[in-house]
Amino acid sequence: MPRVRYLREGLAVEVPVGATLLEASRAAGAPHGSHCGGVCGCSTCHVYVRAGAALLSAMERDEDSLLGGAIDREGSSRLGCQAIIEADGEVALEISDESFETYLDEHEADAERVLALRGLR
Ligand code: FES
(Lines give C-alpha, C1' and ligand atoms only; values in the text may rest on other atoms or scores of the structure.)
Protein backbone atom coordinates (compact mmCIF):
# COMPACT_ATOMS: atom_id res chain seq x y z
CA MET A 1 0.00 0.00 0.00
CA PRO A 2 1.15 3.56 -0.57
CA ARG A 3 2.70 5.30 2.42
CA VAL A 4 2.42 8.99 3.24
CA ARG A 5 4.93 10.63 5.56
CA TYR A 6 4.47 14.01 7.24
CA LEU A 7 7.86 15.63 7.49
CA ARG A 8 6.97 18.35 10.00
CA GLU A 9 4.93 16.18 12.35
CA GLY A 10 6.85 12.90 12.20
CA LEU A 11 3.71 10.97 11.27
CA ALA A 12 3.20 8.25 8.65
CA VAL A 13 0.24 6.28 7.37
CA GLU A 14 -0.55 3.63 4.78
CA VAL A 15 -3.59 4.19 2.59
CA PRO A 16 -5.03 2.41 -0.45
CA VAL A 17 -4.37 3.54 -4.00
CA GLY A 18 -7.13 6.00 -4.84
CA ALA A 19 -6.98 7.91 -1.56
CA THR A 20 -6.40 11.65 -1.62
CA LEU A 21 -3.65 13.25 0.41
CA LEU A 22 -6.35 14.82 2.59
CA GLU A 23 -7.88 11.40 3.25
CA ALA A 24 -4.43 10.12 4.17
CA SER A 25 -4.01 13.02 6.58
CA ARG A 26 -7.29 12.24 8.27
CA ALA A 27 -6.23 8.61 8.66
CA ALA A 28 -2.86 9.70 10.07
CA GLY A 29 -4.28 12.27 12.48
CA ALA A 30 -2.24 14.92 10.71
CA PRO A 31 -3.18 18.60 11.22
CA HIS A 32 -4.32 19.23 7.67
CA GLY A 33 -6.94 21.95 7.31
CA SER A 34 -9.83 21.65 4.87
CA HIS A 35 -12.19 24.57 5.24
CA CYS A 36 -14.45 23.64 2.30
CA GLY A 37 -14.55 19.99 3.31
CA GLY A 38 -12.53 18.75 0.36
CA VAL A 39 -14.55 19.95 -2.62
CA CYS A 40 -11.94 22.17 -4.32
CA GLY A 41 -13.56 25.31 -3.00
CA CYS A 42 -10.73 26.90 -1.01
CA SER A 43 -6.96 26.54 -0.72
CA THR A 44 -6.69 25.61 2.93
CA CYS A 45 -5.63 22.02 2.21
CA HIS A 46 -2.42 23.30 0.58
CA VAL A 47 0.58 20.99 1.01
CA TYR A 48 4.11 20.77 -0.38
CA VAL A 49 4.94 17.39 -1.91
CA ARG A 50 8.63 16.83 -1.13
CA ALA A 51 8.86 13.29 -2.54
CA GLY A 52 6.66 10.98 -4.55
CA ALA A 53 4.94 13.60 -6.69
CA ALA A 54 5.01 11.19 -9.64
CA LEU A 55 2.68 8.86 -7.71
CA LEU A 56 -0.05 11.50 -7.69
CA SER A 57 -2.77 12.41 -10.16
CA ALA A 58 -2.03 15.28 -12.51
CA MET A 59 -3.14 18.73 -11.46
CA GLU A 60 -6.45 19.78 -12.98
CA ARG A 61 -7.26 23.34 -14.01
CA ASP A 62 -9.54 24.01 -10.99
CA GLU A 63 -6.81 22.97 -8.58
CA ASP A 64 -4.24 25.10 -10.37
CA SER A 65 -6.59 28.05 -10.30
CA LEU A 66 -7.32 27.76 -6.57
CA LEU A 67 -3.65 27.34 -5.76
CA GLY A 68 -3.14 30.71 -7.41
CA GLY A 69 -4.75 32.22 -4.33
CA ALA A 70 -2.81 30.12 -1.81
CA ILE A 71 -0.22 31.67 0.48
CA ASP A 72 3.40 30.72 -0.38
CA ARG A 73 2.70 28.59 -3.43
CA GLU A 74 5.73 26.65 -4.70
CA GLY A 75 6.38 24.27 -7.57
CA SER A 76 5.67 21.38 -5.21
CA SER A 77 2.32 22.77 -4.09
CA ARG A 78 -0.83 20.67 -4.30
CA LEU A 79 -4.30 20.79 -2.83
CA GLY A 80 -4.58 17.78 -0.56
CA CYS A 81 -8.19 17.10 -1.44
CA GLN A 82 -7.44 17.00 -5.17
CA ALA A 83 -4.15 15.07 -5.29
CA ILE A 84 -5.01 11.36 -5.59
CA ILE A 85 -2.43 8.67 -4.91
CA GLU A 86 -2.45 6.59 -8.08
CA ALA A 87 0.42 4.16 -7.52
CA ASP A 88 2.23 2.31 -4.75
CA GLY A 89 5.22 4.00 -3.16
CA GLU A 90 5.99 6.72 -0.67
CA VAL A 91 4.85 10.32 -0.67
CA ALA A 92 6.51 12.79 1.69
CA LEU A 93 4.80 16.06 2.33
CA GLU A 94 4.72 19.18 4.42
CA ILE A 95 1.41 20.70 5.42
CA SER A 96 1.50 24.42 4.67
CA ASP A 97 1.34 26.90 7.54
CA GLU A 98 -1.99 28.17 6.18
CA SER A 99 -3.43 24.67 6.28
CA PHE A 100 -2.02 23.99 9.75
CA GLU A 101 -3.56 27.21 11.07
CA THR A 102 -6.89 26.33 9.50
CA TYR A 103 -6.77 22.95 11.23
CA LEU A 104 -6.06 24.66 14.56
CA ASP A 105 -8.98 27.04 14.09
CA GLU A 106 -11.33 24.16 13.35
CA HIS A 107 -10.04 21.68 15.95
CA GLU A 108 -9.42 23.61 19.16
CA ALA A 109 -9.68 20.46 21.26
CA ASP A 110 -6.75 18.96 19.34
CA ALA A 111 -4.51 22.02 19.60
CA GLU A 112 -2.15 20.77 22.32
CA ARG A 113 -1.43 17.53 20.46
CA VAL A 114 -0.74 19.08 17.07
CA LEU A 115 1.29 22.00 18.45
CA ALA A 116 3.45 19.43 20.24
CA LEU A 117 3.84 17.42 17.01
CA ARG A 118 5.36 20.51 15.40
CA GLY A 119 7.52 21.25 18.44
CA LEU A 120 5.54 24.41 19.21
CA ARG A 121 4.66 23.37 22.77
S1 FES B 1 -10.27 21.43 1.32
FE2 FES B 1 -10.89 23.17 0.20
S3 FES B 1 -9.83 22.92 -1.68
FE4 FES B 1 -9.21 21.21 -0.53
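The values are calculated or read from the model by the stated rules, or taken from the named source; none is laboratory data. All values reported here derive from a predicted model rather than from experimental measurement. Please note: Cβ atoms are built from the backbone with ideal geometry, for glycine as well, and neighbour counts cover all protein chains shown.
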* Could you grab me the full set of residues in the stretch 101-121 that are surrounded by 13 or more Cβ atoms within 10 Å (Cβ to Cβ) and among the acidic types (D, E)? => E101, E106, D110
* May I ask you to list the residues in the stretch 73-117 that are over 14 Å from the mean Cα position of the chain (by Cα) and basic (K, R)? => R113
* Asked: Would the stretch 94-102 turn up any residue that is within 14 Å of the ligand (Cβ to nearest atom), touching a residue at least 24 places away in the same chain (Cβ under 8 Å) and touching a helix residue (DSSP H, G or I) at 6+ places or on another chain (Cβ under 8 Å)?
  -> yes
* **Matching residues, the stretch 13-38, being more than 12 Å from the chain's Cα centre (by Cα) and either modelled with pLDDT under 95 or surrounded by fewer than 17 Cβ atoms within 10 Å (Cβ to Cβ) (or both)** => E14, P16, V17, G18, H35, C36, G37
* Looking at (1) buried (at least 20 other Cβ atoms within 10 Å of the Cβ); (2) within 14 Å of the ligand (Cβ to nearest atom), find the lone condition where E60 falls short. => (1)
* Structure fact -> Scanning the stretch 55-72 for residues that are assigned to a helix (DSSP H, G or I) and free of Cβ contacts under 8 Å to residues at least 12 places away in the same chain, the one nearest to the chain's Cα centre (by Cα) turns out to be D64
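Within the stretch 28-51, can you find the residues that are within 21 Å of L115 (Cβ to Cβ) and not in a loop (DSSP other than H, G, I, E, B)? Show your work before the answer.
Kept after step one, since they are within 21 Å of L115 (Cβ to Cβ), are these residues of the stretch 28-51: 28-35, 44-48.
Those that are within 21 Å of L115 (Cβ to Cβ) and not in a loop (DSSP other than H, G, I, E, B): A28, H46, V47, Y48.
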* Asked: Mind checking whether some residue in the stretch 49-68 is over 22 Å from V17 (Cα atoms) and of a type in the set (V, I, T)?
  -> no
* **Some residue of the stretch 79-100 being modelled with pLDDT of 95 or more, buried (at least 21 other Cβ atoms within 10 Å of the Cβ) and in a helix (DSSP H, G or I)** => yes
